[in-house]
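The values are calculated or read from the model by the stated rules, or taken from the named source; none is laboratory data. Given the structure is predicted, the values throughout are model-derived calculations rather than measurements. Cβ placement follows ideal geometry from the backbone for every residue including glycine, while neighbour counts extend to all protein chains displayed. Surface accessibility is based on the protein's heavy atoms, side chains included, excluding ligands, DNA and RNA. Shrake-Rupley method; radii C 1.70, N 1.55, O 1.52, S 1.80 Å.
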Amino acid sequence: MTPASPDRLDRAAATMGADGVDALLVGPGANLRYLIGYDAPLLERLTLLLARADGDHALVVPRLEAPRARDAGLDEHVDLVVVDETDDPFALVADRLAALGRRPCLALGDRLWATFVLGLQEALPGASWVRASTVTAPLRMRKDAAEVDALRRAGRAIDRVHASVGDLLRPGRTEAEVAADIGERILAEGHEAVSFIVVASGPNGASPHHEPGQRRLAVGDPVVVDIGGTVDGYGSDCTRDYVVGGPDAAPEGYLAAHRVLEEAQDAACRAVRPGVPAEEIDAVARAHLAAAGYGEAFVHRTGHGIGLEEHEEPYLVEGNRTPLAEGMAFSVEPGIYLEGRFGQRIEDILVVTADGAERLNRRDRAPAPAGVAR
Ligand code: ZN
Ligand code: ZN
């Protein structure tokens with residue numbers, strides 16, 4: 001876990017002030033880790049950061065979690081409000097926010113469980129509610145140097161895993177067997193956790209989020225391998241395409257499509273620089289694929305932000321006019337999906353620099369030979 005820099009709460013408070021939000025209420029998850037570095041367990045008991053625009057911050061924790069919160073040094077930055085087993089946690093929250101008046105504007109964790117949302121709404125009947133992401137997304141989108149460093153190390157780690165994937169994709173093995181091996185390598189190469197593993201062979205490749213199953217690999221199968229884990233809390237996410245038996249064994253039309261895909265992905269990556277609207281990167285990739293007749297075969301947005309979450313803002317999708325800015329990190333991952341035939345996708349993580357972008361994944365993007373002696 002990269003330690004949260006102490007000024008994040010101050011920056012959140014400043015953003016709240018500018019947005020007319022009186023307090024930010026976030027439970028366990030990425031926002032809590034980002035703001036105070038606390039990796040809290042997700043429990044039926046309420047854990048809730050109350051970050052106020054006026055700088056009077058508190059963390060509501062169950063009694064049995066209080067030592068853990070103190071060990072993490074949290075009481076240096078926030079008041080700990082300890083909830084005993086027979087206390088009403090929502091009443092304690094309402095007390096703590098009473099100074100904000102009867103009609104505060106509260107930004108509530110986007111992924112807080114309904115049981116907590118409803119409890120808070122009952123305890124604070126005069127409040128108006130907005131999503132916490134209205135405050136946190138603009139902050140979290142732009143990564144600081146330590147965050148970029150963690151993403152860079154995650155990128156290198158997943159590149160090392162891809163370097164060995166070709167050897168695992170041998171004829172006769174199932175997707176699930178290969179995925180299990182990849183999971184071990186994701187950890188062996190320096191990730192602390194596996195986030196996801198897609199091994200989609202043959203026609204399964206046409207399903208972008210295919211769950212690795214019992215299909216056995218055969219010579220001539222294209223295989224989409226999309227894998228990621230976390231390093232110090234920050235995600236890797238990289239897709240490469242393989243062909244069992246080598247690219248020459250690929251099905252009719254596969255290699256020609258892949259050349260178009262490589263060009264589309266490269267053109268989209270080269271379009272990344274500060275000031276360009278997020279949707280423009282999607283438009284570049286889509287136009288390139290559409291011009292070659294693959295417009296209908298590209299069924300998802302071009303990319304998603306990445307950081308403490310695998311998918312976060314900014315999303316590279318039509319309609320998102322957010323201008324790209326230095327420090328933003330996201331995937332660029334166009335794909336071609338032909339139902340019943342095959343799929344292919346190329347995915348790199350990029351970080352926006354002062355005048356362009358840094359690609360965090362460096363492995364060759366052409367279809368790689370798999371399952372053949374090298
Ligand atoms: Zn991916
Ligand atoms: Zn992705």
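If you go through segment 147-177 one residue at a time, how many are out of contact with any Pro (no Cβ under 7 Å at 6 or more places or on another chain) and open to solvent by less than 50 Å² (accessible area, probe 1.4 Å)? Spell out how you get there, then give the answer.
Within segment 147-177, the first condition is being out of contact with any Pro (no Cβ under 7 Å at 6 or more places or on another chain), and the residues that meet it are 147-165, 167-174, 177.
If we keep only those that are open to solvent by less than 50 Å² (accessible area, probe 1.4 Å) as well, we get 147-148, 150-151, 154-155, 157-159, 161-165, 168-169, 172-174.
Qualifying residue count for the region: 19.
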Report summary line: Going through (1) farther than 23 Å from Thr302 by Cβ; (2) touching a residue at least 60 places away in the same chain (Cβ under 8 Å) one by one, Met141 fails only at (1)
Query raised in the report: In segment 242-299, how many residues are assigned to a loop (DSSP other than H, G, I, E, B) and within 27 Å of the chain's Cα centre (by Cα)?
Result: 9
Query - Tally of residues being among the small types (Gly, Ala, Ser), open to solvent by 40 Å² or more (accessible area, probe 1.4 Å) and within 16 Å of ligand 1 (Cβ to nearest atom) across segment 196-238 - result: 1
**Report entry** Some residue of segment 144-152 being touching a helix residue (DSSP H, G or I) at 6+ places or on another chain (Cβ under 8 Å) and β-branched (Val, Ile, Thr)
**Finding:** no
Report summary line: Scanning segment 117-137 for residues that are in a helix (DSSP H, G or I) and open to solvent by 20 Å² or more (accessible area, probe 1.4 Å) gives Val117, Leu118, Gln121, Glu122, Ala123, Ser133, Thr134
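Please determine whether any residue of segment 305-314 is open to solvent by less than 10 Å² (accessible area, probe 1.4 Å) and more than 15 Å from ligand 1 (Cβ to nearest atom).
To start, the set of residues in segment 305-314 that are open to solvent by less than 10 Å² (accessible area, probe 1.4 Å) comprises 305-307, 314.
Next cut, more than 15 Å from ligand 1 (Cβ to nearest atom) only: 314.
Looking through segment 305-314, at least one residue is open to solvent by less than 10 Å² (accessible area, probe 1.4 Å) and more than 15 Å from ligand 1 (Cβ to nearest atom).
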Query raised in the report: Name the residues in segment 68-115 that are among the hydroxyl-bearing types (Ser, Thr, Tyr) and either surrounded by 12 or more Cβ atoms within 10 Å (Cβ to Cβ) or under 29 Å from the mean Cα position of the chain (by Cα) (or both), would you?
Result: Thr115
**Report entry** Residues (under 30 Å from Val194 (Cβ atoms) and either away from ligand 1 (no atom under 16 Å from the Cβ) or free of Cβ contacts under 8 Å to residues at least 60 places away in the same chain (or both)) located in segment 275-304
**Finding:** Ala278, Ile281, Asp282, Ala285, Ala297, Phe298, Arg301, Thr302, Gly303, His304
Requested in this report: From (1) touching a helix residue (DSSP H, G or I) at 6+ places or on another chain (Cβ under 9 Å); (2) surrounded by 24 or more Cβ atoms within 10 Å (Cβ to Cβ), pick out the condition that doesn't hold for Ser331.
Outcome: (1)
Requested in this report: Please give the number of the condition Val317 fails out of (1) open to solvent by less than 50 Å² (accessible area, probe 1.4 Å); (2) under 28 Å from Leu35 (Cβ atoms); (3) out of contact with any strand residue (DSSP E or B) (no Cβ under 7 Å at 6 or more places or on another chain).
Outcome: (1)
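Filtering segment 309-327 down to residues that are more than 15 Å from ligand 2 (Cβ to nearest atom) and of a type in the set (A, V, I, L, M), which residue is farthest from Asp144 (Cα to Cα)?
Keep residues of segment 309-327 that are more than 15 Å from ligand 2 (Cβ to nearest atom), which gives 318-327.
Now drop any that are not of a type in the set (A, V, I, L, M), which leaves 324-325.
On the way: Leu324: 15, Ala325: 12 Å.
Filtering segment 309-327 for residues that are more than 15 Å from ligand 2 (Cβ to nearest atom) and of a type in the set (A, V, I, L, M), the one farthest from Asp144 (Cα to Cα) comes out as Leu324.
Quick one: which residue in Glu184, Glu192 is within 18 Å of the chain's Cα centre (by Cα), of a type in the set (D, E, K, R) and open to solvent by 30 Å² or more (accessible area, probe 1.4 Å)? Walk me through how you get there before you give the answer.
Values: Glu184 fails: within 18 Å of the chain's Cα centre (by Cα).
Going through Glu184, Glu192 in turn, the sole match is Glu192.
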